[in-house]
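Here the structure is laid out as structure tokens; the discussion comes afterwards.
The values are calculated or read from the model by the stated rules, or taken from the named source; none is laboratory data. As the structure is a prediction and not an experimental result, all values here were calculated from the model. Here the Cβ positions follow ideal geometry from the backbone for every residue, glycine too, while neighbour counts run over all protein chains shown.
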């Protein structure tokens with residue numbers, strides 16, 4: 001039997017800030033015991049991995065080598081606007097693909 005992804009873990013400066021963003025962005029549930037040191041977001045529905053956020057003392061020093069690609073069923077401009085209202089920023093736009101950053105600068109893409 002193959003293995004599966006239980007959760008994706010993010011190292012960050014403030015776990016609660018980043019977890020709140022991703023819970024709102026993906027429609028997940030932020031665990032009520034979440035703090036700035038550790039936070040957990042349960043993925044909506046079945047099958048998606050949960051997200052775990054943990055405070056680490058060292059700053060990020062390079063670009064992440066893995067990122068999320070988010071599908072925007074209502075259209076990229078509308079989703080980019082929604083995510084920006086939650087605290088994300090636009091890094092660059094390339095046609096139907098927009099590269100954004102979460103509140104701590106972790107990159108992700110929004111596409112059709």
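Could you tell me whether residue 93 is in a strand (DSSP E or B), out of contact with any strand residue (DSSP E or B) (no Cβ under 7 Å at 6 or more places or on another chain) and without any contact (Cβ under 8 Å) to a residue 60 or more places away in the chain?
Working: in a strand (DSSP E or B): yes; out of contact with any strand residue (DSSP E or B) (no Cβ under 7 Å at 6 or more places or on another chain): yes; without any contact (Cβ under 8 Å) to a residue 60 or more places away in the chain: yes.
Yes, satisfied.
Please work out which one of (1) outside the structural domain of residue 102 (by TED's automatic domain parsing); (2) surrounded by 15 or more Cβ atoms within 10 Å (Cβ to Cβ); (3) over 13 Å from the mean Cα position of the chain (by Cα); (4) under 22 Å from residue 109 (Cα atoms) is the condition residue 82 fails and give its number.
Result: residue 82 passes all but (1).
Mind listing whichever residues of region 32-67 are at pLDDT 95 or above and closer than 20 Å to residue 110 by Cβ?
41, 51
Can you list the strands (runs of 3 or more DSSP E) found entirely within region 1-74 that contain at least 2 residues being in contact (Cβ under 8 Å) with a residue 60 or more places away in the chain? Give the derivation first.
Details: elements: 7-12, 38-42, 50-55, 68-71.
Per the criteria, 7-12.
When the residues of region 27-46 are filtered to those that are surrounded by fewer than 16 Cβ atoms within 10 Å (Cβ to Cβ) and closer than 21 Å to residue 79 by Cβ, which remaining residue is nearest to the chain's Cα centre (by Cα)?
Going through the qualifying residues, I end up with 27.
When only residues in region 48-79 that are in contact with a strand residue (DSSP E or B) (Cβ under 6 Å, 6 or more places away or on another chain) and within 15 Å of residue 13 (Cα to Cα) count, which is surrounded by the fewest Cβ atoms within 10 Å (Cβ to Cβ)?
Initial filter on region 48-79 (in contact with a strand residue (DSSP E or B) (Cβ under 6 Å, 6 or more places away or on another chain)): 49-54, 56, 67-70, 72, 76, 79.
Retained after the next criterion (residues that are within 15 Å of residue 13 (Cα to Cα)): 52-54, 56.
On the way: 52: 17, 53: 28, 54: 15, 56: 12.
Filtering region 48-79 for residues that are in contact with a strand residue (DSSP E or B) (Cβ under 6 Å, 6 or more places away or on another chain) and within 15 Å of residue 13 (Cα to Cα), the one surrounded by the fewest Cβ atoms within 10 Å (Cβ to Cβ) comes out as 56.
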